[in-house]
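Here is the structure we will look at.
The values are calculated or read from the model by the stated rules, or taken from the named source; none is laboratory data. This one's a predicted model, so the numbers in the text were calculated from it and none came from an experiment. Every residue, glycine as well, gets a Cβ built from its backbone with ideal geometry; the counts of neighbours run over all protein chains shown.
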Amino acid sequence: MTKAFSIFGSSSRPQLGPFEQQVLQKLWTRGNATVRELLADGKIHQAYTTVMTTMDRLYKKGLLDRVVEGRAFRYTPRHTPEELQRVTALESIRQLLGSGDASSLPLSYLVEALSSHDAQLLDELQLLVERKRRELHSRQKENAARERR
């Protein structure tokens with residue numbers, strides 16, 4: 001697997017280990033599976049109990065749903081990779097913003113990271129900020145109009 005998830009760094013949810021990421025990736029590819037089905041393709045080289053424990057952990061972390069099927073569980077991812085990436089990014093940014101005394105300091109870290117990665121991202125960030133400001137301004141006008149009625 002090439003794309004690792006630096007996920008759930010906050011204390012409310014633990015990080016995913018490499019094998020958890022591998023299992024989640026396999027489930028995204030298949031859509032759903034039992035432990036036996038994941039092992040049947042031969043690409044996972046772990047013991048049945050290891051895979052079963054890992055899938056149970058992912059279920060307990062809220063990343064998988066499961067239904068009883070015979071004497072086993074059929075697991076399905078609760079989120080698409082994109083949804084999980086979005087949640088992860090939001091949690092990381094919230095954690096960053098809550099990390100310092102000066103509220104502008106974490107924002108400067110974000111701007112620095114963006115500019116060192118790709119200067120064009122700063123332009124995109126500016127457009128997104130301006131769009132969000134217009135949206136918030138529009139909502140405030142709507143709320144004020146409702147309150148006057």
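Put simply, of L127, L96, L114 the only residue that is on the phi < 0 side of the Ramachandran plot and either at pLDDT below 80 or among the hydroxyl-bearing types (S, T, Y) (or both) is L96.
Taking the range 44-121 and the helices (runs of 4 or more DSSP H) fully enclosed by it, the elements with 1 or more residues that are closer than 22 Å to F19 by Cβ are at 48-60, 81-97. Each residue in the range 54-92 was checked for being loosely packed, with under 13 Cβ neighbours inside 10 Å and within 20 Å of Q15 (Cα to Cα), and 8 of them qualify. Within the range 17-43, the residues that satisfy the criterion of being among the aliphatic types (A, V, I, L, M) and under 17 Å from the mean Cα position of the chain (by Cα) are V23, L24, L27.
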